[in-house]
1. Can you tell me the Rg and Dmax of the range 17-105, counting just the alpha carbons, in angstroms?
2. For the range 72-77, what does the Karplus curve 6.51 cos²θ - 1.76 cosθ + 1.60, with θ = phi - 60°, yield as ³J(HN,Hα) per residue in whole Hz, taken in order and with x for Gly and Pro?
3. Could the peptides 59-72, 78-91, 99-112 be put in order, highest first, of the mean number of other beta-carbon atoms found within 10 Å of their residues?
4. Just to check I understand the Karplus step: with θ = phi - 60° and J = 6.51 cos²θ - 1.76 cosθ + 1.60, what whole-Hz values come out for the range 79-91, glycine and proline as x?
5. In whole Hz, with x marking every Gly and Pro, tabulate ³J(HN,Hα) for the range 98-110 from phi via Karplus 6.51 cos²θ - 1.76 cosθ + 1.60, θ = phi - 60°.
6. Indicate the gyration tensor shape class of the range 81-131 (rounded, prolate or oblate), computed on the Cα atoms with a ≥ b ≥ c the square roots of the eigenvalues: a/c under 1.5 is rounded; otherwise a/b larger than b/c is prolate and the rest oblate.
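What follows draws every value from the coordinates through simple rules; no lab data is involved. Note that the coordinates shown come from a computational prediction; the quantities given were computed from them, not determined experimentally. Note that each Cβ is placed from the backbone with ideal geometry, even for glycine, and that neighbours are counted across all protein chains shown.
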Amino acid sequence: MVVVVIIGLLAAFIVPRVMDRVDEARTTKVRADLQALETALAMYRLDTARLPSTTQGLLALVQKPDDPSVRNWRPGGYMARVSTDPWGNDYRYRQPGTRGTEFDLYSLGPDGLEGSPETDQDNIGNWSLNP
């Protein structure tokens, strides 16, 4: 019986710490992904003299946009693929940006929701990467 109590106490202390580390790892991955996407967007802009439009989105980094005004797009693209965030959602891109940035690049975070101050609190974006 004492062994069961000790195991229960250990679990009570260890499980929350492990879960916090998982959340921290996911947030770290989002930040790394956003930095990689920013680098790809910078290379795209150097070659084409513009950023992709919101409509073209991040797909413009892996597939040449149909827009004939996009010139000098690098054959093979700027990334092999655009991954999803750790919660399985697509990264969001908006140009021009609405948070004092040239463009908004972000994850909807753990809740996967957007649209209100309450749901946007967990969003992780380029506005917090480059203060």
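1. 14.6, 52
2. Once θ is set to phi - 60°, the couplings for the range 72-77 become 6, 5, 5, x, x, x Hz.
3. Taking the mean over residues of other Cβ atoms within 10 Å, the ranking is 99-112, 78-91, 59-72.
4. 8, 5, 7, 9, 7, 8, 6, x, 9, x, 9, 5, 5
5. With the stated coefficients, the range 98-110 comes to 10, 10, x, 10, 5, 8, 9, 9, 7, 9, 6, x, x Hz.
6. oblate
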